[in-house]
Amino acid sequence: MARILIAEDDLNTLQGLQTILEREEHEVLTAENGETALELIVARGDVELLLTDLKMPGLSGLELSRKVISTFPEVQVIVMTAFGTVDTAVEAMKGGVYDYLTKPVDIEELLVVIDRALRERALLLENLELRGIVTERYTFENIVAVSDAMQTIFKTIRKVAPSQATVLIAGESGTGKELIARAVHYNSRRSRAPMVEVNCASIPPTLIESELFGHEKGAFTGAYRTQKGKFETAEGGTIFLDEISLLTPDLQGKLLRVLQERSFQRVGGNRTIEVDVRVVAATNQDLKKMVNRGEFREDLYYRLNVVSIDIPPLRQRREDIPALVNHFIESFARDRPDPPTSITQGALDALLEYEWPGNVRELENTLENAMVVAEGQTITERDLNIVEAETAADEEIAPGTELTLKEHLERTEKRILQRTLEKTDGNRTRAAELLGLSTRALRYKIKQYGL
């Protein structure tokens, strides 16, 4: 049953439609002109569907539908029109009217159209509710961070989100680059449009161009139909390109052209497709150094780096750890019967002292594991599955040798990788999970350190 308002100046038609819809168990309101109909919608605030004649004295059905759609977008509008005014009805549909029916109205067609409009309204409201939940999830109040460094990042997001500027997010794996990218999108004017995420590390180089820009039927073996790419899917919204440093030089050039010209061609096609998309990119590599080594295009780097956000690793913002620990314990407790609800000071101290090479993702993994193995209501130090880093004294360094901070961190990271691989008997998938890395990122680091 739905709440339907009929606006019709012909009394016989009005009463006939009312009888039919009430027989279908709908709650029916009636108005003999557009002004009364608008007053009823405003006063009630709960009308679900408006069925209106297009031609009425005073406020016409076309004017009524425009006012309702602009002020009450959740109300579905169906117009009734004589054959001579079909063009006007089509114009009304362009303005957001759901459908139109020609007079005399076919009752079966009317009931079908109303049923379809109400089902679509339910889907629309569900999507709006979900979007509201997602938007709420990525407000700054719901991102767990108390450190000055993260508060500074939030200030930057507040400034840049309403703009159209391209954003480059840098940070180690597991620092939360995806979370920051979503905060940029859901606090922008594009928040009602899609945010499409592309992990460049998870797509084979031979397929990523088709994934980004789509392809035409027959463009390559297996292209049995035309396929839209991620850029088209993100129309009006944001595309998030994670691990962008892994793009091949050829694709870097094609992405540059999209950023410059706001258009592209599908693989195997020759039609230029214009697109309105904001690009947010992320990397765990130093793109400037890659530019200097000739591994990344300088012109693309500056196109991407209009606004830069550098997320510090967790070891440089340890004051966030207690808040994150409480957040993860509360989050994981919701899905478990009789879960642990607290942590001992000794366990918390161990978490504060650890270097967290996998950053927040590794901390999350560690707490989830501890919630499973803990006995009783409190997580203790023995429940923590963390790999202790050896001290720098464990490694031979020539007397008088001075190491930079970067070199110290690299030595520490190498030792942690070695210990983790030993602990997992060389199982790279398990080691990657413990460290909060993707298996591809772990392979890269193993090669980097010659392990």
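Bear in mind that the values in this text are calculations on the coordinates, not laboratory data. It should be emphasised that the depicted structure is a prediction, and the values quoted were computed from it without experimental measurement. Cβ atoms come from the backbone with ideal geometry, glycine included; neighbour counts cover every protein chain shown.
Rounded to whole Å and sorted largest first, what semi-axes of the equivalent ellipsoid does the C-alpha gyration tensor of the range 142-312 yield via the square root of 5 times each eigenvalue?
28, 18, 14
Given Cα pairs under 8 Å that are at least 6 residues apart, what percent is the relative contact order of the range 142-312?
Working: 297 pairs, mean separation 56.8, N = 171.
Reported as a whole number, the value is 33 percent.
Given the chain, what percent of its DSSP beta bridges are antiparallel, to the nearest 5? Intermediate results must be reported in sequence, preceding the final value.
Numbers: 4 of 42 bridges.
Looking only at bridges with both residues in the chain, the antiparallel portion is about 10 percent.
Between residue 446 and residue 377, what FRET efficiency follows from the Cβ-Cβ distance if R0 is 45 Å, with the result rounded to 0.05?
0.70
Looking at 348, 331, 314, which one has the Cα that reaches farthest to the positive end of the dipole of the range 314-386 (charges on Cβ: Lys, Arg +1; Asp, Glu -1)?
Ranked along the dipole, the leading option is 314.
Using the alpha-carbon centroid of each, what span in Å lies between the range 52-81 and the range 195-259?
A separation of 42 Å, based on Cα centres.
Among all lysine pairs in the range 142-312 that are eight or more places apart or on different chains, how many have alpha carbons less than 19 angstrom apart?
Lysine pairs satisfying the spacing and distance rule in the range 142-312 number 7.
Once the Cα gyration tensor of the chain is diagonalised, what are the square roots of 5 times its eigenvalues, in whole Å and ordered largest first, as equivalent ellipsoid semi-axes?
Computed over the chain, the values are 56, 29, 19 Å.
Mind checking which aspartates and glutamates have their Cα closer than 12 Å to the Cα of residue 55? Skip sequence neighbours fewer than 8 apart in that chain.
Filter leaves 8, 9, 10, 32, 63.
List the residues whose amide H sits under 5 Å from the amide H of residue 278, counting only those 5 or more places along or on another chain, with H placed 1.01 Å from N in the peptide plane.
For residue 278, whose amide H was placed from the backbone, the distant partners under 5 Å are 237, 238, 239.
Relative to the first principal axis of the alpha-carbon coordinates of the chain, what is the inclination of helix 61-71, with its axis defined by its Cα atoms, in degrees from 0 to 90 and to the nearest 10?
Roughly 20 degrees between the two axes.
In a shell of Cβ-Cβ distance under 9 Å around residue 262, excluding residue 262 itself, what net charge do Lys and Arg (+1) and Asp and Glu (-1) give? Don't jump to the answer; show the numbers that get you there.
Numbers: positive: none; negative: 261, 274, 276.
After counting each charged neighbour, the total is -3.
Under a point-charge model restricted to the Cβ atoms of Lys and Arg (+1) and Asp and Glu (-1), what is the dipole moment magnitude of the chain relative to its Cα centre, in debye to the nearest 20?
That gives a dipole near 1760 debye.
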